[in-house]
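Student: Quick one: structure below, then a few questions.
The values are calculated or read from the model by the stated rules, or taken from the named source; none is laboratory data. Computed from a prediction, not measured in an experiment: that's the story for all the values here. Cβ placement follows ideal geometry from the backbone for every residue including glycine, while neighbour counts extend to all protein chains displayed. These area figures cover heavy atoms from the full protein model, side chains too; ligands, DNA and RNA do not enter into them. Shrake-Rupley method; radii C 1.70, N 1.55, O 1.52, S 1.80 Å.
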Amino acid sequence: MPAEVVTFEHVSKRYGPVLALDDVSLSIAAGEVVALLGPNGAGKTTAISIMLGLRRASSGTARLFGVHPTDLRARSRCGVMLQESGTPELLTVHEIVRLFGTYYPRRLPAAEALRLAGLEELAGARLDHLSGGQRQRLFFALAVTGDPEVLFLDEPTVGMDVEGRRTFLAAIRRRARDGSTIVLTTHYLEEADQLAGRIVVFDRGVIIADAPPAEIKARVAGKRLTLRFGTDVDAALFAGAPVTGVRTDGATATMLSARPVDVIRHVLAARADLLDLDVGGADLEEAFLHLTGGAQQATNA
Amino acid sequence: MLERAEPAEAGRLAPLLPMLAAQSRAQLVQLVRSPFYGLFSLALPIIFWVFFGLPRAHVTMFGVSGGAYLLASYGAYAIANTMLFTFGIGIAWERGRKQDLLMRATPLRPSVYLVARLVAAAAFGLVTLVVLSLLAWLTGGVRLEAGQWATLVWRLLVGSLPLFMLGLAIGYLVTDQASTAVVNLVGLPMFLASGLIIPLRELPDFVQTAAPYLPAYRYGQLAWGAVGAQADPPLTDLLWLAAYTAVFVAIALRAYRIDESSKFI
């Protein structure tokens, strides 16, 4: 059995009145590529912060490579990209990559780390002159410079243009193929699908799904339906139909469903005044709503 | 929290000395490239020397030449200012820019980081002292004996500990935006009132009465003692400086813990 890299046992995290993580248990093994997926505020960043020892669990136990996450030996095996962390401004790209290399017992030559991040041409640039996308690539270079066994990437592609994102994702995939464990957070299902072998979906502090991408996609393949009637419509009309998140506004009703055709059949059986109909793919935020709604129905049943 | 027995293969750490050397070098590079920093820490003492030091270079002050006395004063000003600025403004800015978050996620020890900053500040301070001494010699004919100069240098470096701690305390107490103002508001009046810029005997009576209670005055005493203008060894001054160090360490630690718990707990 491969070694455990991350272990969460009943981890909860409370910021004042807000419960950011609620009794989360999770284990990530060496060699896995795991995406933590969820809308803003779902608890992904809190989870990754606790994995790295940047935040302390309010209750429960978190371990990194079998030791406490703040243990420098564990941290010496991790490369990290965080959201919104700053860099010294007066150093050059090459200088800071070389500096970070000295923090780790194993290290890549600075030139190699720059190459992996596609930053060779910016080696001499001062850090205060980098664009948002270039900064993200710099953080990637800093994350790999210690030749880590595991990479933690918190929203790594934020601020990148399409081309930058493509090269970047390719770099992460190469790293994964070489046997590196990767834990990343994202709110793009597509990104998680392209990279990860396992997707853990967070919603309001709990894990609502933990499965391979294909399975998750099948579950969140929700459509968004908008129906317009001749007269006012009541949410009760949709009782018994395979829908979640029903909202009505006068004669218009919107909802999410994995089986839109069945919904239409249900509606037409009861109302003859359906005037207009719009079916579109649900965006991820909505898809999560759907997933959560599904989970609640399952508990109620 | 209960912890399991740690597995033997938990891992290795990077060697400490190369890490400290690289970090110190990076800190020094940043100091040198920082425009405001160079202005306040190097240019101001030079300006003071030219405006206040040169005219008094050959007057006798406190039993020594005014040149030697004021070289010691401006040396003390330069190092004290370096410590207050690099830590007061530097730490506040790093917190504001979330650089501490980036560092936190690496295996760099906070202690190595702090020592590296101190090494860089001391190296920069040393360069400032050399420049000032050369300037005083070339323009005012001020020549200290080698022993006096060495005493001056090490006293100024070691004695700056309470000012370094005061800088740290400010760096953790105030925001990045406020730090420049606070450091200047604390530093400039204190250095003036301690006689580091204009000799104390030329200042108003009430300032002369208050000066002995200021850490920068006690720090100045170490410097003036080194060039023979004060009774030596400066035991009372060392006690005062130690007491101030203890107070500032306590404030800095408390501010650090509060900052820490807001971000990392």
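Student: Can you confirm whether A:Lys13 is more than 8 Å from every other protein chain (Cβ to nearest Cβ), among the charged types (D, E, K, R) and touching a Gly at 6+ places or on another chain (Cβ under 7 Å)?
Tutor: Working: more than 8 Å from every other protein chain (Cβ to nearest Cβ): yes; among the charged types (D, E, K, R): yes; touching a Gly at 6+ places or on another chain (Cβ under 7 Å): no.
It is false that A:Lys13 is more than 8 Å from every other protein chain (Cβ to nearest Cβ), among the charged types (D, E, K, R) and touching a Gly at 6+ places or on another chain (Cβ under 7 Å).
Student: Starting from residues that are without any contact (Cβ under 8 Å) to a residue 40 or more places away in the chain, assigned to a helix (DSSP H, G or I) and over 19 Å from B:Ala80 (Cα atoms), keep the ones in the range B:133-185 and report whichever is least open to solvent (accessible area, probe 1.4 Å).
Tutor: Among residues in the range B:133-185 that are without any contact (Cβ under 8 Å) to a residue 40 or more places away in the chain, assigned to a helix (DSSP H, G or I) and over 19 Å from B:Ala80 (Cα atoms), the one least open to solvent (accessible area, probe 1.4 Å) is B:Gly147.
Student: Something else now. Scan the range A:72-92 for residues that are at the interface with chain B (Cβ under 7 Å from one of its Cβ atoms), in a loop (DSSP other than H, G, I, E, B) and without any contact (Cβ under 8 Å) to a residue 60 or more places away in the chain and jot them down. Before the answer, list the steps.
Tutor: If we filter the range A:72-92 for residues that are at the interface with chain B (Cβ under 7 Å from one of its Cβ atoms), which is where we start, we get A:72-77, A:80, A:82, A:84-88, A:90-91.
Retained after the next criterion (residues that are in a loop (DSSP other than H, G, I, E, B)): A:76-77, A:82, A:84-88, A:90-91.
Of everything in the range A:72-92, those that are at the interface with chain B (Cβ under 7 Å from one of its Cβ atoms), in a loop (DSSP other than H, G, I, E, B) and without any contact (Cβ under 8 Å) to a residue 60 or more places away in the chain turn out to be A:Glu84, A:Ser85, A:Gly86, A:Thr87, A:Pro88, A:Leu90, A:Leu91.
Student: Could you check the range A:93-123 and list, in sequence order, the residues that are within 14 Å of chain B (Cβ to nearest Cβ) and part of a loop (DSSP other than H, G, I, E, B)? Can you show your working first?
Tutor: We begin by selecting, within the range A:93-123, every residue within 14 Å of chain B (Cβ to nearest Cβ); these are A:93-108, A:110, A:113.
Once the filter is applied, which keeps residues that are within 14 Å of chain B (Cβ to nearest Cβ) and part of a loop (DSSP other than H, G, I, E, B), the range A:93-123 yields A:Thr102, A:Tyr103, A:Tyr104, A:Pro105, A:Arg106, A:Arg107, A:Leu108.
Student: Taking the condition of being at pLDDT 85 or above and outside any loop (DSSP other than H, G, I, E, B), how many residues in the range A:251-284 meet it?
Tutor: 21
Here's the yes/no breakdown for (1) farther than 12 Å from A:Val206 by Cα; (2) part of a strand (DSSP E or B); (3) not hydroxyl-bearing (Ser, Thr, Tyr):
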residue	(1), (2), (3)
A:His10	no, yes, yes
A:Leu21	no, yes, yes
A:Val24	no, yes, yes
A:Gly31	yes, no, yes
A:Ala42	no, no, yes
A:Gly53	yes, no, yes
A:Arg56	yes, no, yes
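Student: Here is a further query. What tally of residues in the range B:100-132 results from selecting those that are free of Cβ contacts under 8 Å to residues at least 24 places away in the same chain, open to solvent by less than 20 Å² (accessible area, probe 1.4 Å) and part of a helix (DSSP H, G or I)?
Tutor: Looking only at that region, the number is 1.
Student: Is it the case that A:Ser25 is of a type in the set (Ser, Thr, Tyr) and either in contact (Cβ under 8 Å) with a residue 60 or more places away in the chain or open to solvent by 20 Å² or more (accessible area, probe 1.4 Å) (or both)?
Tutor: On the way: of a type in the set (Ser, Thr, Tyr): yes; either in contact (Cβ under 8 Å) with a residue 60 or more places away in the chain or open to solvent by 20 Å² or more (accessible area, probe 1.4 Å) (or both): yes.
Criteria met by A:Ser25.
Student: In addition: Among strands (runs of 3 or more DSSP E) lying entirely in the range A:131-250, which contain 2 or more residues that are open to solvent by 50 Å² or more (accessible area, probe 1.4 Å), free of Cβ contacts under 8 Å to residues at least 40 places away in the same chain and out of contact with any strand residue (DSSP E or B) (no Cβ under 7 Å at 6 or more places or on another chain)? So that I can check it myself, show each step before the final result.
Tutor: Numbers: elements: A:150-154, A:181-186, A:198-203, A:206-211, A:223-229, A:244-249.
Passing ranges, in order: A:244-249.
Student: Go through the residues of the range B:87-99 one by one and say whether even a single one is open to solvent by 30 Å² or more (accessible area, probe 1.4 Å), over 30 Å from A:Val80 (Cα atoms), part of a helix (DSSP H, G or I) and modelled with pLDDT under 95. Explain how you work it out, then say what you get.
Tutor: In the first step, residues of the range B:87-99 are kept if they are open to solvent by 30 Å² or more (accessible area, probe 1.4 Å); the result is B:93, B:95-98.
From the residues that got through so far, the ones that are over 30 Å from A:Val80 (Cα atoms) too are none.
Looking through the range B:87-99, none of the residues is open to solvent by 30 Å² or more (accessible area, probe 1.4 Å), over 30 Å from A:Val80 (Cα atoms), part of a helix (DSSP H, G or I) and modelled with pLDDT under 95.
Student: Turning to a different aspect of this structure: Considering only the range B:224-264, state which residues are within 14 Å of chain A (Cβ to nearest Cβ) and loosely packed, with under 13 Cβ neighbours inside 10 Å.
Tutor: Hits for the range B:224-264 are B:Arg257, B:Ser261, B:Ser262.
Student: Of everything in the range A:66-99, what is modelled with pLDDT of 90 or more, of a type in the set (Val, Ile, Thr) and open to solvent by less than 10 Å² (accessible area, probe 1.4 Å)? Give them in sequence order.
Tutor: Scanning the range A:66-99 gives A:Val67, A:Val93, A:Ile96, A:Val97.
Student: Here's a follow-up. Can you report the number of residues in the range B:218-265 which are over 29 Å from B:Val142 (Cβ atoms) and not in a loop (DSSP other than H, G, I, E, B)?
Tutor: Of all residues in the range B:218-265, those over 29 Å from B:Val142 (Cβ atoms) come to B:239, B:242-265.
Keeping just the survivors that are not in a loop (DSSP other than H, G, I, E, B) gives B:239, B:242-264.
The qualifying residues number 24.
Student: May I pose another question? Given (1) more than 21 Å from the chain's Cα centre (by Cα); (2) at the interface with chain A (Cβ under 10 Å from one of its Cβ atoms); (3) open to solvent by 70 Å² or more (accessible area, probe 1.4 Å); (4) at pLDDT 90 or above, where does B:Arg25 come up short, assuming only one miss?
Tutor: B:Arg25 satisfies every listed condition except (1).
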